[in-house]
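> The structure is given below, and queries will be raised subsequently.
Since every read-out is calculated from the coordinates, none of them should be taken as a lab result. The structure presented is a predicted model; accordingly, all values stated were derived computationally and were not measured. When we count neighbours, we look across all protein chains shown, and the Cβ atoms used for this are built from the backbone with ideal geometry, even at glycine.
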C-alpha cells in the first residue's frame, strides 16, 4: 500500500515538474523559441460600445481573445453573441470593482452573502485597495464562482478567467481562490509571472501541470497614450520575446455612450479605447505581426490542448 502511494506521489510530482519544464510553446505544439501572443480585449459587457467594437476587432482585426464582465449591464448582449458564436475566444473578466464615476454595478451574489465586497450603496468598491483591505477571501471565492456559474447559465463556455483591474490577483489568498475556481470548472486562468515579486510567492508551487504562467505582459500606460499608441504598440510587437505575452487592450467606440460611462476618467476612457480599436483593427498591425514572426494564439488553444487534453 505504502509503495503504491509513494509511486503515485512521484508520478504526480514528475508530471508537474515535466509539464512546467517544457516551454509553453512546446506544450502547445509551436517551435521551442516561438514568440506567442494573446491579443486580449478586456471589459466586454460594460457597454454596447465595448461589445460592438470588440466583436468587430475580433472578427475583422487582430484581436484573438476577449473577456466578459458578468456583473455589468450589457452582459446579456455579449452572452447572446457567445451563444451564437461558440468558436469565439471569450473568457470571464472576474469583476470585484466598479470604477466609473456614475456607471455602477455590484456582485451577482446576493449582497447579504458578500457584504465585505460592497459599499454603503450596494455597489462594488471603486478601487482595488478598498477590496484588498475589506474583502473576505471566502466571499471573494463565492463571487468568483457565481460569476462563472452565471456565465454558464447564459450559455457561455468560458475559455479562461482573468482579473478586472487585477483585483483577484492582489492578495495571495485571492489568487488561490481564483485558481481554485478555475480548476473546479476546468478553465485556464491568467497567472502572470510578475506576481511573484509583489506577492512574495513561488507560483510554480501553487499550480498544477495543467496551468500556464504568462511570461510577459504588454499593456499601455497613460504616458504611452499621450505619446501615441501607434508608436507604443508597433515597438512592442517588434520587441516581443520568445514565450507567451499577454497583450492587454480595451476596444470601444468613442461615442456618447462610452464618453458618459468614462466621464472624468481620461485614462482608459472613450478616446483611449477608440485608439486601441483603430490600431488592432488596422492592416498595419496585421502586417507587423507577420513581419516579426509572431504567433497570435488564443486561450481556447490553451484550454483544449493543455487544460482539457
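> Going through 248, 217, 302 one at a time, which residue ends up being in contact (Cβ under 8 Å) with a residue 60 or more places away in the chain, assigned to a strand (DSSP E or B) and under 16 Å from the mean Cα position of the chain (by Cα)? Give the derivation first.
Values: 217 fails: in contact (Cβ under 8 Å) with a residue 60 or more places away in the chain; 302 fails: assigned to a strand (DSSP E or B).
Unique residue meeting the criteria: 248.
> Of 224, 276, 304, which residue is closer than 27 Å to residue 103 by Cβ and surrounded by fewer than 20 Cβ atoms within 10 Å (Cβ to Cβ)? Before the answer, list the steps.
Details: 276 fails: surrounded by fewer than 20 Cβ atoms within 10 Å (Cβ to Cβ); 304 fails: closer than 27 Å to residue 103 by Cβ.
Sole residue among the options that is closer than 27 Å to residue 103 by Cβ and surrounded by fewer than 20 Cβ atoms within 10 Å (Cβ to Cβ): 224.
> Here is a follow-up. Tell me which of these residue 165 doesn't satisfy, since it passes every other one: (1) surrounded by 17 or more Cβ atoms within 10 Å (Cβ to Cβ); (2) touching a helix residue (DSSP H, G or I) at 6+ places or on another chain (Cβ under 6 Å); (3) closer than 24 Å to residue 87 by Cβ; (4) touching a residue at least 60 places away in the same chain (Cβ under 8 Å).
For residue 165, the failing item is (3).
> Now a separate question. Name the residues in the range 251-269 that are out of contact with any strand residue (DSSP E or B) (no Cβ under 9 Å at 6 or more places or on another chain) and touching a residue at least 60 places away in the same chain (Cβ under 8 Å), would you?
253, 255, 257, 258, 260, 261, 262, 263, 264, 265
> On to the next question. Considering each residue of the range 263-294, count those that are outside any helix (DSSP H, G or I) and out of contact with any helix residue (DSSP H, G or I) (no Cβ under 8 Å at 6 or more places or on another chain), and give that number. First the steps, then the outcome.
Just the residues of the range 263-294 that are outside any helix (DSSP H, G or I), to begin with: 263-269, 281-282, 292-294.
Going one step further and asking which of them are out of contact with any helix residue (DSSP H, G or I) (no Cβ under 8 Å at 6 or more places or on another chain), we end up with 263-265, 268, 282, 293.
Of the residues in the range 263-294, 6 are outside any helix (DSSP H, G or I) and out of contact with any helix residue (DSSP H, G or I) (no Cβ under 8 Å at 6 or more places or on another chain).
> Now for a different question. Could you tell me which residue of the range 31-53 is surrounded by the fewest Cβ atoms within 10 Å (Cβ to Cβ), considering only residues that are assigned to a loop (DSSP other than H, G, I, E, B) and touching a strand residue (DSSP E or B) at 6+ places or on another chain (Cβ under 6 Å)? Write out each step before concluding.
Going through the range 31-53, the residues assigned to a loop (DSSP other than H, G, I, E, B) turn out to be 31-34, 45-47.
Among the residues that remain, those that are also touching a strand residue (DSSP E or B) at 6+ places or on another chain (Cβ under 6 Å) are: 34, 45.
Details: 34: 19, 45: 27.
Result: 34.
> Give me the pairs, please: first residue somewhere in the range 171-186 and more than 17 Å from residue 152 (Cα to Cα), second residue anywhere and assigned to a loop (DSSP other than H, G, I, E, B), beta-carbon distance under 6 Å, and either six or more positions apart or on two chains.
Close Cβ pairs satisfying both conditions: 172/201.
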